[in-house]
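*Asks:* What follows is a single structure, and I will ask about it in a moment.
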Amino acid sequence: MRILLLLVVALAVALAACEGPTMPPALLGDLYEFRLPTTPVQVLRWESGARVRIHVTPSTGARAGVLEGALARALVVWNREALYGEYELVQVASLNDADVVVRWSDEVPPVDMSECPPDVSRAVTTFCLDESGDHLEPFPHTGGTNSVRMVVSVLGSEAARADRVERLVAHELGHVLGIARHSLDAGDLMYGGELTRATLSTRDAATIRVLYHTRPDITP
Ligand SMILES: [Zn+2]
């Protein structure tokens, strides 16, 4: 019998349920804890050189293009830290080509999330481990190859605030890349409370660089 482990990394509004960092104190000034809070802790990241394909579920009306615009800007801020091609985030037009889906929380997801449902939050990145525990389980969907292994859900009621959506999507892409915790510093993009930026701080940049030079335990 397959047992799916649900791992949700949520941006809580006020009470971020974060554990304290367990990095050596000497490193705390430069980066923050990024490992999955499993027992023991595990490093999740894409294989070095991975091209991570992200698809936005199309919306209509006033929402049309809001997530696409936020994603386009977020791709730039994260990709410019991959100085040696450690990863590349790209937007793809088709769900069938996607590793990651970005969607509004109040619209029907394009993949079957019943085995691995999203939590309710302002924004959340959802993924499940497969039986091996070394990789992520694809979300099933009809009509193509099932390669979607992460779903980013942004609360639909945020749609009217494009600036906030931009910060939320940029933050969630940090989780997509494998930063599985929150910073305790309000000046960081990966802070667990109200976000103040849509770009990387020096600590965000240091953290993603160290993550992509740390051997992963789990690769999507
Ligand atoms: Zn978060």
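*Asks:* All but one of (1) exposed (fewer than 15 other Cβ atoms within 10 Å of the Cβ); (2) at pLDDT below 95; (3) of a type outside the set (Val, Ile, Thr); (4) more than 15 Å from the ligand (Cβ to nearest atom) hold for Met23; which doesn't?
*Replies:* (1)
*Asks:* Going by what's in this entry, would Glu68 be described as more than 15 Å from the chain's Cα centre (by Cα), within 19 Å of Arg167 (Cβ to Cβ) and assigned to a helix (DSSP H, G or I)?
*Replies:* yes
*Asks:* Is it fair to say Arg149 is more than 16 Å from the ligand (Cβ to nearest atom) and under 24 Å from Thr207 (Cβ atoms)?
*Replies:* For Arg149, the condition - more than 16 Å from the ligand (Cβ to nearest atom) and under 24 Å from Thr207 (Cβ atoms) - is met.
*Asks:* Which one of the conditions (1) in contact (Cβ under 8 Å) with a residue 24 or more places away in the chain; (2) more than 16 Å from the ligand (Cβ to nearest atom); (3) surrounded by 16 or more Cβ atoms within 10 Å (Cβ to Cβ); (4) not basic (Lys, Arg) does Thr214 fail to meet, given that it meets all the rest?
*Replies:* Failed condition: (3).
*Asks:* Which ones in segment 94-137 are part of a loop (DSSP other than H, G, I, E, B) and either within 16 Å of the ligand (Cβ to nearest atom) or within 19 Å of Gly174 (Cβ to Cβ) (or both)?
*Replies:* Scanning segment 94-137 gives Ala98, Asp99, Ser105, Pro118, Asp119, Val120, Ser121, Arg122.
*Asks:* Anything in segment 109-120 that is within 11 Å of Ser153 (Cα to Cα) and either in contact with a helix residue (DSSP H, G or I) (Cβ under 7 Å, 6 or more places away or on another chain) or surrounded by fewer than 19 Cβ atoms within 10 Å (Cβ to Cβ) (or both)? List them, or say none.
*Replies:* Within segment 109-120, Pro117, Asp119, Val120 meet the criteria.
*Asks:* State yes or no: is Ile208 buried (at least 19 other Cβ atoms within 10 Å of the Cβ), out of contact with any strand residue (DSSP E or B) (no Cβ under 7 Å at 6 or more places or on another chain) and not in a loop (DSSP other than H, G, I, E, B)?
*Replies:* When the stated conditions are applied, Ile208 passes them.
*Asks:* For Thr199, are the conditions met, namely being more than 16 Å from Thr125 (Cα to Cα), within 14 Å of the ligand (Cβ to nearest atom), hydroxyl-bearing (Ser, Thr, Tyr) and under 16 Å from the mean Cα position of the chain (by Cα)?
*Replies:* For Thr199, the condition - more than 16 Å from Thr125 (Cα to Cα), within 14 Å of the ligand (Cβ to nearest atom), hydroxyl-bearing (Ser, Thr, Tyr) and under 16 Å from the mean Cα position of the chain (by Cα) - is not met.
*Asks:* Suppose we filter segment 192-205 for residues that are more than 12 Å from Leu31 (Cα to Cα), surrounded by 17 or more Cβ atoms within 10 Å (Cβ to Cβ) and not aliphatic (A, V, I, L, M); how many remain?
*Replies:* Selection size over segment 192-205: 2.
Residue-wise test of (1) among the small types (Gly, Ala, Ser); (2) out of contact with any Leu (no Cβ under 9 Å at 6 or more places or on another chain); (3) within 15 Å of the ligand (Cβ to nearest atom); (4) touching a residue at least 40 places away in the same chain (Cβ under 8 Å).
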{"site": "Gly143", "(1), (2), (3), (4)": "yes, no, no, yes"}
{"site": "Leu155", "(1), (2), (3), (4)": "no, no, yes, yes"}
{"site": "Asp188", "(1), (2), (3), (4)": "no, no, yes, yes"}
{"site": "Val210", "(1), (2), (3), (4)": "no, no, no, yes"}
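The values are calculated or read from the model by the stated rules, or taken from the named source; none is laboratory data. Because the structure is predicted, anything quoted here is derived from the model rather than measured. For neighbour counting, all protein chains shown are included, and Cβ atoms are generated from backbone atoms with ideal geometry for every residue, glycine included.
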